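The values are calculated or read from the model by the stated rules, or taken from the named source; none is laboratory data. Here the structure is a predicted model, which is why all the values come from computation and not from measurement. Note that each Cβ is placed from the backbone with ideal geometry, even for glycine, and that neighbours are counted across all protein chains shown.
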Amino acid sequence: MYDMTGNSGAADKFGAGPGFNPFAQAGGENPFGAGANPFAGAAGGQGFSFNDFEEIFQKMSGAGKDKTRKPQGPEPGADIHFKLRLSFLEAVNGCSKEISFNTFRRCGSCTGSGFQDSGSKAKCVHCGGRGKKVMSTGFFHMQQDCTHCGGTGETGRSSCTHCSGKGIVKDRSVQTLPVPKGVDNKERLKVSGKGEAGVRNGPPGNLYVEISVDEHPVFHREGCDIHVITPITLATAVLGGAVRVPTLTGEVETKVPVGTQQGDKLVLRGRGVHRPNQNKTGDFFIHFAVLLPKSLTEKQKNLIADFAKDEKPLELTDPQLQELKGRYKSWFAA
């Protein structure tokens, strides 16, 4: 015997040698009989073997069941997953979309019960109408469906011929889906109780709609914010001016500050995407793109040449160079 105390004499001290009798205080005799295993029997003295374990696990896993018997109790309906494609503005502004999909609805002939005659039911005498029976093996107790009534607690009823006893039939569902404002790409809408009908009046499943949003030719969305690139001329960038900019609610006129640089932006607060369920509204960002002329008239060339005579050479500080690098770092991407 391994001594956890580290004392080689502990076995002799505590009398745990080969002749040790754990029942010495109970009269010195093994109450289970000489050489008997005190753990060989279950509670109450009933024997228990590994064959009992095998039987229990077969019942738990379904092995050994009558495969021809169909379950007769209610079962929840399956969920339905539907993919819906929206335009950019439909997602931003919200809309109503008509969708259709294959599903299972409640059988009208048996009103979902799965039985032909709803008035001839009788309580199952084998389970007392509970639909469940308790199987006991040794000290194990397990509840399972009654094999006589299939878990319904009722007998003497014939299965509905229209739905083969399931209480549901195939159907094509057409529904109008309200799409909330501000829904985004890859988001999922849940419509409770609009999935498949439950078997034998079980609870219905849910409808899950996965949203796919098309790109917009002008607007770019990031969360609730909208970004748009607005081109301006060289003269407008240098002298300032005004341009018309498309927004989610129509065109607006905005001022261009004097000396506007490539990539400068203006922010229209609260003009982005509105999400009522989050009580949140994004902003609208206008990014200016200075478009330089590719060809000039002689007059324009002379004017720019005169301008260049008075132009000072660029002398940028390190912070200014760092700011430019951060602004145009996307240029360095592979």
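The figures follow:
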| read-out | value |
| --- | --- |
| Sole residue being in a loop (DSSP other than H, G, I, E, B), of a type in the set (K, R) and within 17 Å of the chain's Cα centre (by Cα), chosen from K190, K186 | K186 |
| Restricting region 244-278 to residues that are surrounded by fewer than 16 Cβ atoms within 10 Å (Cβ to Cβ) and touching a Pro at 6+ places or on another chain (Cβ under 9 Å), the residue that is farthest from L296 (Cα to Cα) | N277 |
| Search result, residues across region 108-119 that are surrounded by 12 or more Cβ atoms within 10 Å (Cβ to Cβ) and modelled with pLDDT under 75 | D117 |
| When residues of region 287-315 are limited to those that are within 60 Å of the chain's Cα centre (by Cα) and free of Cβ contacts under 8 Å to residues at least 24 places away in the same chain, the one nearest to H227 (Cα to Cα) | K294 |
| Selected residue (criterion: modelled with the highest pLDDT) from residues of region 120-157 that are of a type in the set (S, T, N, Q) and out of contact with any Gly (no Cβ under 9 Å at 6 or more places or on another chain) | Q143 |
